[in-house]
Structure formats: structure tokens, C-alpha cells
1. Tell me the label-point distance for the pair Arg214, Ala320, using the 7 Å Cα-to-Cβ offset, in nm and rounded to one decimal.
2. For the pair Lys168 and Ser87, how long in nm is the line joining their label points, each one 7 Å along Cα→Cβ?
3. Which FRET efficiency, nearest 0.05, do Thr510 and Gln642 yield, Cβ-Cβ r, R0 60 Å?
4. Using the alpha-carbon centroid of each, what span in Å lies between the stretch 415-446 and the stretch 89-115?
5. Putting +1 on Lys and Arg Cβ atoms and -1 on Asp and Glu Cβ atoms, find which of Phe515, Ser561, Ser547 reaches farthest to the positive end of the dipole of the stretch 494-574.
6. Enumerate the residues in the stretch 590-615 having an amide nitrogen under 17 Å from the point lying 7 Å beyond the Cα of Arg535 toward its Cβ.
7. Could you tell me which of Ala306, Ala329, Pro359 has its Cα farthest along the dipole of the stretch 294-371 towards the positive end, charges placed at Cβ (Lys, Arg +1; Asp, Glu -1), taken about the Cα centre?
8. Evaluate the distance, in nm, between pseudo-label points positioned 7 Å from the Cα of Thr349 and of Lys43 along their respective Cα→Cβ axes.
Amino acid sequence: MQKVLIAILLLLFVSAFSQAEEYRAQVGDQVAIMLPGEVTLNKEFQIDRQGRLTLPEVGMIQANGMTEAELSEAVSETLSSVIRDLSSLQVFVSKRQLLVMIQGYVSEPGEFTLQRNASIQMALYAAGGLRSGAQLDKVQLRRDGEVITFDYKKFLDTGDDSLLPTLKSLDTLFVPASPMIGNVEQNFDPSKLADSGDAAEDRKAIKVFGEVIRPGSFSAKDENNLVDLLMRAGGVTRYAAVEQIRVISGNEPKLFNLKRYLDSGDESLLPNIVEGSTIFVPKQEEEIKTGSNTVYVMGEVAKPGAYEGKENASFMDILANAGGPTRFAESRQIRVIKADGTTIPFDLTLFSEGKMDAPMPTVQAGDAIFVPEKLDLNEKSWLKVSPDRAVRVLGEVVRPSRVEWSSEMSFLDLLAHVGGPTSRADTSKIEVVTPISANKSKVHVFNLDNHIKEGRSDNELPPVTAGTTIRVHDLPDDPVDNKAKWIRQSSDTSIYVFGQVGAPGRYKFTDEMHFLDILSAADGPTANADLHNIRVTHLDGKHARVSKLNLALFFETGDASIIPQVKTGDTIYVPEKNPNWLDRPKEVTVRVLGAINKPGRYTFDDHMTILDLLAEAGGPSANAYVEKITVVNLSCCRDQAQTFNLSEFSRTARFQDLPVLRAGDTIYIPTKEESTAEKIRQGITDIFQIAGIAALVGIL
């Protein structure tokens, strides 16, 4: 019986303990809702600042302070209005979190969701950390109208977690700004606070400023020694004028020579320092150095100035003492300016490579070494390079400019230095104008494409010297839209396309291109083009010649031998289909006249017969006398005529009886009124009419 009683007491204790320890949802927690088949509900929802859960379709549910069982019952009751089967519904707190507002002097102030056990340090880390100038000893935690102030700096010094309050949901953490930064936003380095003295707000403090390491206000002590105050300020800088230190003590200005005191050790030289004194250490004025042994180094060196050297000091010794040229120095154009005004150029780069035959220049007292600045490619001033050592590069290159010339460079080096030709550059005809005397220059036309393609040596490159001008032409634009730019294109490298093409005009042409390339560049033939009678005029010989092309036959057979070879200077003409007959000369046409449905001039070739021409002209008309069609041939010596009986040919079909036709001939189809039988009948009719008239007259 006693054992049963003990068991019952244990069960009651465990039940009471579990109820006491049962977790209640708080603001910021993530609540998971699982209901099979409902996609919109199978996810996690966060409890907002008002302690509510917002669920799709049903709206908001108050969830703050509920146990999981109470939360499940509230969600089930709310969802029952829209969902019938809730037997598989599960509701539980999936993640315990804090919702904390962080304000003040932090990098990223705002509202943050933190872990349940997050500390003050973790909260500040979430806000991006403290900004320079934050006041760490007066950080505030605001909760339910209560403000808790704690010393975060002390925690950083000791690591004692008990100094920091525990965070809860809806807490506000505020980090104030240090009063040292004033009311203006500025860069703030707390590490320099100690450098500003130890009595910044004390009117009795002693002010030390000027050429000292850490100027500031220092508290006055029983024995205010000037040297002690300078040491408290970190000592003087290397620019300090220690012989001219100014002291205002008791409203009386004094001048103190620190160098004399250090040399003598006489403490009587030290001025009396009282509360509120001011100590100023001025900057030493640079003294102009001059003398019989002085050499001047100017320009782009590490330490320009005047140097006193021994009589046997060399050029390199003096340049090394000046720290040598900087990375901005133009070491190829160093000049030694002698005392008498003469100038000696010196190429340090060439000298360092062992390629310079001339000796190193001698430097004497009174001379000056000038190291100029390296030419900046972005600098537009032409004064950077003098004309006697410049090369001009114009036209279609990446960076057209005046370039400093060196004898070590070649034409390709120079072209690469300006970025090379652009995508629109005509590299087959680059013009190089090189001066050969004061009043005369020579022009070289250089084909860069052939040079690279054939792998020629650099010896075949055009000569380039100082004063040379290089011009890279651009390829022409669309000839339809920019005909004014044709003048940039040379005629001896062009080909002409006229007639029924998409874009007639002048086109750039090379030896590697053929007829179809240039026809494609002109956008090809139009719908009205006569592909059977394309003409190509060749001007590559002593006399012009014309070749005829049946492009339609090429498309039908694929025979490449039909395509003529074209070269620069040639002309391609694509005629119009069915043009006006006046456009065709009589020597290439056949005239069809008389009793025909469509009399006119027709194009004739050797594959056609008289039947083809009669069919093309619409055939004989109804009153045509087809038994005696006349064909007038145009021969070399004299014209001749022959007749053709179309009616008899239709019965016999003897093709050998067809008359021979040539371009320039004439075909005439007479009418039936012009036949012999019709004329005889008309004559008999006339006789009878005359006889009848005579008999009638006799009767009268």
C-alpha cells in the first residue's frame, strides 16, 4: 500500500512539473502547420509583434502565450469554417525566436529576428556591429516602458556575461553616440582619444599643438615642465622648428630654444609653465641650399632637391641619392642641364640594357638632372611630345594620337602601341608619309593583310622615323545611305554594281572575292532583275570587254564555269526584266510587224526560231495571210528577203523549211487583202462595176 501511494505521488509530481515546464508561444516564434493536401498551409508562420498568426483564407489568429495544445485547438477551430476534415492537423512551435528592435549608432539599425538564447553581443552583430563613435558605457535596453542602462565596454574588458541583461521579444536595444563627435557626422577614430590629451574640457588645461605627435589639452600638475609636456604630447615631429618654440604663460609670450637647452642642459632656460598656458611648436622653414658643390635633381625622382656631393660623384651616384626615378618617370628622356645652359640627353633604359654606346654623362657642380614625367596616353596635350620625336597615327585605329618615337620600334610596334586597327579599318591600303628632307616626303602604301598572310619579314615593313604620318583608311559605309563617304574609298580597289540589285553602288573588292561575293554585298538581284542577260564590263586590259552571264542557268546547273572572273575596276549591270523596247538596240532584237496580235521588237538568241518569235508576239491575227510571211535578213553585205508559208508548215511539219533568223532581222505578216487572189477578185469586181455604170449611162 505504501508503494502504491509513492507511485501516485511521483506521477502527480511529474504531471505538475511537465505542466509548469510546458512552453508557451511568444512573439517572433515560428509555428509549423501540417495538413496533408493543403499546399497553402503546409509551411511555417511567424508570430508578429501583435502576437498574431496570419493564415491564408481564414485571416489572423491570436497566438501569443498559448501552449501547443491551445494553439492547435485555436487553429483547428478557425480552419473548421473552410476545411471539414481536420483529423490529420498538426500544429507545433518549430523554432523559438526573439523579435528585437536595434536602434542608434549601429551599422544597420532595424528589427531583427534572433535565436531564443541570443545575447546582446549577438544582437549587435546582427545589426552590422557598432559604428565608430558609439558610446559603449551607456547602452540602453528598453522593455515595457522601462529603460535599463548597462556598461557594454566593461563587458568587453572583463568578459563577464552577468553585466549584460537578458533579451526578450519586443525589446528595443539603443546604442547612443559619443558626445566627442559633436553634432556633425564625421569619421571617428576612438583610438585617437588618448592622443588629444587628458583634459579636453578643462579650462585650466595646458594646450600643446603644432609640430608634435599628439597635440591636445593636458591637465596641469604641480611641476609643469615644458619638456615633460612635450613628451606627454608624443614629442616633436621631424619638421619641428625646435629653436622657435613659442610659449604663452600667464599672458606673457616667450620664445624657447629647445636645441640650446639640450646642448647645455641648463634648466634655467626652461620657461615657467602655469595653468592655462599655451605651447606652439612651429614648422621648420626649408632652407634654400646652394653652394659650389651643389647638384640639383628635379622631376620624377623619389627625393628631388639640391644635393652636395664630392668632386668624383658620378651621374648614377647622384641619381641614386635622390631615390632613383619613380614609376611615372620617362627614363628614356633624362636630361642633364649643364651650368652653361647646354643639355645632354641620356637614355637610362637603353643604358640599363647594355645597348648604349655613348658614355654616361658627367655631372659637375651647378648642373641639374631633370627626369621628365612619362607620357600619359589619356593626356590630350600635344606638348607632352615635341615634334622632332613624334609620330602621328590617324584614322581607324583604337587610339589615334601623337606617339613618341624610338629607333627600336618598327611599324608594327607603333601600330600595336596605338591599340591596332579598328574593326572598320581598311588594312589593305595603309598610307605612310615619311619625311626624307626638310621640304620633301615620300608616300608608302602598305598592305598589312598580305604582309601577315604571306608571313613576310620585318625588313619589308615601311620605314618609320620621327615626323612620320600614318593614315589608316576606313571601309565605306552603306553606299545607299552614305554616298558622300565614297571619296574615302579608292577607285582602283572598288567594283561597281548597277541595275536591278538591292543596293547599287561602289563596293570594296579584293582578289580573294568573286562575282557572287560582290553580288551578295549589293543585297542580290531584285524581283524585276533579268538573270538571263547580266552584263560584266572588264577594264583590266588595254581595251574594255563585255561578258554576258546567264545567272539563271548557273542556278539550274550549278556550273561554276559560267560565272565570269571579276577584278577591281569592273562593272556589273543587272538589267530589268521586260524593259521598254526602246531600251534595247536594234542590233540585238527582231522586229515583228503586220497582221500579228502584238507587233513590236523582241529579244532574239540563237536558240530561238521564227515559231518562237510568232508565239511571243501573240500569233498571227484573224485576217493574216500566213501563206506568204516575209522575212528580211540583215546580212553583212546586203539585205535579202525570203517568204515562209506557215499554213503549209502546219501540214508538213518540215522544220528544215523554217527560215534562218538572226538578231536585227524583220518579220512581216501580210493581211489577206494583200494576197494575189484577193487583188484579182477585186479587179474583176471593179470591171463589172464599170461595165454596169456604162450600160446605165447608155440607157439614160
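Nothing in this text is a laboratory measurement; each read-out follows from the coordinates by a stated rule. Owing to the predicted nature of the structure, the values given are computational and were not obtained by experimental measurement. Note that each Cβ is placed from the backbone with ideal geometry, even for glycine, and that neighbours are counted across all protein chains shown.
1. Going from the Arg214 label point to the Ala320 one covers 4.1 nm.
2. Calculated label separation equals 4.3 nm.
3. On the way: r = 54 Å, r/R0 = 0.90.
FRET efficiency, Thr510 to Gln642: 0.65.
4. Here the two parts' Cα centres lie 71 Å apart.
5. The listed residue farthest towards the positive side: Ser547.
6. Output list for this probe position: 590, 602-605.
7. Value: Ala329.
8. Modelled inter-label distance: 6.5 nm.
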